[in-house]
Amino acid sequence: MSFKEFNFHPTISAGIEACGYTAPTPIQKNAIPSILAGRDILGLAQTGTGKTAAFVLPLLQRLLDGPRKKVRALIVAPTRELAEQIHENIGMMGKETGLRSIVIYGGVGKGLQIRTLRAGVEIVVACPGRLLDLINDKALSLNTVEVLVLDEADHMFDKGFLPDIRRIIKLVPTKRQSLVFSATMPHEIRHLAEELLVNPATVQIDHDLPAPRISHVLFQVATAQKTSLLKSIIHEQEMTSTLVFTRTKHKAKSLALHLEKAGFSAASLQGNLSQQKRQQALDGFRDGTFKVLVATDIAARGIDVTGISHVINFDVPDTAETYTHRTGRTGRATRSGQALTFAGQEDGKMIALIERNLGKRMVREALPAIAPATEEERRAAGRENTTRYKPTSQKPATAGRNQKGRSRACSFDFGTRKPVQR
Ligand code: AMP
């Protein structure tokens, strides 16, 4: 199937071409005809499936006709990164249409946002808090909105935004088209969708399943040895674009600094950064200045970088869904990617849950030849970990190397929780 079948206006087809999209992804195939027909949509799809273009393209088509300089579409997103990404996509796909969009979020001055609104826009992409602020300031009204999109609705709920969302919905005319996208469907979101959507078409793509082209690899490693393992893997596999996830902001920062000192081009993306620093880290990662970006889950929400070759779970995520979100950053759309997870023995239960969700076992890789942890690394790891690591092998990690320098130390079977000899 090609995009031609949707009969988009030539200005929009030009945008599709500029983005380099040749064929629609499954969610685009399924959602675009219904959205073009004016139907409400419940889209069950995670980031990485092409869902942004699935709603942006038909939205642009609708807005081509009708008045300009009126807020006719409102897209609400839970994080500024996701809002920026949607706004950027609109800019690329809608370049030739003359339609204007604005991105609105807090943490930056209001001045520019107010001036842009005054100049006139057709599309508003916004995070809930600042949007309500600007409405209170009378800088913006929603009473001309024709299309309302809620993106990553489950994260809005996670972040406690549902009361704000309900306030926003009340300010939008009842005669409108509504589109709700969510990777998961907790109770509260199902309720919201039922209230909001009229006779919706439901489009479900790989619900709860990670993008298909990712290979999943597991390293069993003591916390104190994770940094050495990371350096060794990045070095050995000549990784071009690697996103590393840590559990804490502090760890993201210190790990990125450590990698930088060790000669890797690395930056961190975590909540303690100013908006300008976050943007610098993201831009640098996008343009290849930084080959490694160390991030926390919250900071990495919604980041849109194509061509991420590897996602590394330096710390095992807290839920199987977080694993899906993290690893969805690689293997986006039509590319393939690798997800590597560093797990200690204490992570066994979570690995078993993740594997149940994946529907398969991750590939167990033996540790490469890495330096044993120094006393300092052991102490630092002890401070981070409440559970002390107990090696499953009788041999030290450096013993039993094969000819390629790979260790043959035994690994831990997270399914049965028994050690297996490799
Ligand atoms: P999303 O799920 O909207 O975050 O999109 C994931 C990635 O897929 C983004 O980097 C898009 O630029 C890319 N993408 C979206 N649609 C297509 C398509 N039809 N062909 C190739 N890449 C696409």
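The values are calculated or read from the model by the stated rules, or taken from the named source; none is laboratory data. These figures come from a predicted structure and were not determined experimentally. Don't worry about glycine lacking a Cβ; one is built from the backbone with ideal geometry, like all the others, and counts go over all protein chains shown. What goes into the accessible areas is simple: the full protein's heavy atoms, side chains included, and nothing from ligands, DNA or RNA. Shrake-Rupley method; radii C 1.70, N 1.55, O 1.52, S 1.80 Å.
Side notes on the structure shown:
- In the stretch 232-256, of all residues being without any contact (Cβ under 8 Å) to a residue 40 or more places away in the chain and under 23 Å from residue 369 (Cα atoms), the one that is surrounded by the fewest Cβ atoms within 10 Å (Cβ to Cβ) corresponds to 238.
- A single member of 163, 186 is in contact with an Asp or Glu (Cβ under 7 Å, 6 or more places away or on another chain) and without any contact (Cβ under 8 Å) to a residue 60 or more places away in the chain, and it is 186.
- Answer from 118, 130 - the residue that is within 22 Å of residue 161 (Cα to Cα), in a helix (DSSP H, G or I) and away from the ligand (no atom under 16 Å from the Cβ): 130
- Test set (1) small (Gly, Ala, Ser); (2) part of a helix (DSSP H, G or I); (3) more than 10 Å from the ligand (Cβ to nearest atom) - residue 43 fails condition number: (2)
- Qualifying position, being out of contact with any Asp or Glu (no Cβ under 9 Å at 6 or more places or on another chain), aliphatic (A, V, I, L, M) and open to solvent by 10 Å² or more (accessible area, probe 1.4 Å), among 123, 114, 135: 135
- Within the stretch 2-22, residues that are farther than 15 Å from residue 55 by Cβ reach partners that are basic (Lys, Arg) and open to solvent by 80 Å² or more (accessible area, probe 1.4 Å) with beta carbons closer than 7 Å, at six or more positions or on different chains, in the pairs 18/95.
Results for (1) touching an Asp or Glu at 6+ places or on another chain (Cβ under 7 Å); (2) at pLDDT 95 or above; (3) within 30 Å of residue 327 (Cβ to Cβ), shown as yes or no for each residue.
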{"site": "24", "(1), (2), (3)": "no, no, yes"}
{"site": "36", "(1), (2), (3)": "no, yes, no"}
{"site": "44", "(1), (2), (3)": "no, no, yes"}
{"site": "60", "(1), (2), (3)": "no, yes, no"}
{"site": "63", "(1), (2), (3)": "yes, yes, no"}
{"site": "67", "(1), (2), (3)": "no, yes, no"}
{"site": "85", "(1), (2), (3)": "yes, no, yes"}
{"site": "90", "(1), (2), (3)": "no, yes, yes"}
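- Residue in the stretch 2-13 that is within 27 Å of residue 167 (Cβ to Cβ) and surrounded by fewer than 20 Cβ atoms within 10 Å (Cβ to Cβ) present: no
- If only residues of the stretch 8-32 that are farther than 20 Å from residue 91 by Cα and out of contact with any Ser or Thr (no Cβ under 9 Å at 6 or more places or on another chain) are counted, the one that is nearest to the ligand (Cβ to nearest atom) is 29.
- Yes/no for residue 233 being at pLDDT below 95, in a helix (DSSP H, G or I) and over 21 Å from the mean Cα position of the chain (by Cα): yes
- Identity of the residue in the stretch 81-105, open to solvent by 30 Å² or more (accessible area, probe 1.4 Å) and assigned to a loop (DSSP other than H, G, I, E, B), that ends up farthest from residue 153 (Cα to Cα): 98
- Check on residue 192, part of a helix (DSSP H, G or I), over 30 Å from residue 364 (Cα atoms) and either touching a Leu at 6+ places or on another chain (Cβ under 8 Å) or open to solvent by less than 50 Å² (accessible area, probe 1.4 Å) (or both): yes
- Subset of the stretch 46-68 (residues that are more than 7 Å from the ligand (Cβ to nearest atom), surrounded by fewer than 24 Cβ atoms within 10 Å (Cβ to Cβ) and in a loop (DSSP other than H, G, I, E, B)): 65, 66, 67, 68
- Test: residue 78 is in a helix (DSSP H, G or I), away from the ligand (no atom under 12 Å from the Cβ), closer than 28 Å to residue 194 by Cβ and touching a Phe, Trp or Tyr at 6+ places or on another chain (Cβ under 8 Å): no
- Close pairs (6 angstrom Cβ cut-off, 6 or more residues apart or separate chains): in the same structural domain as residue 96 (by TED's automatic domain parsing) in the stretch 48-73, within 16 Å of the ligand (Cβ to nearest atom) and among the basic types (Lys, Arg) anywhere: 48/332
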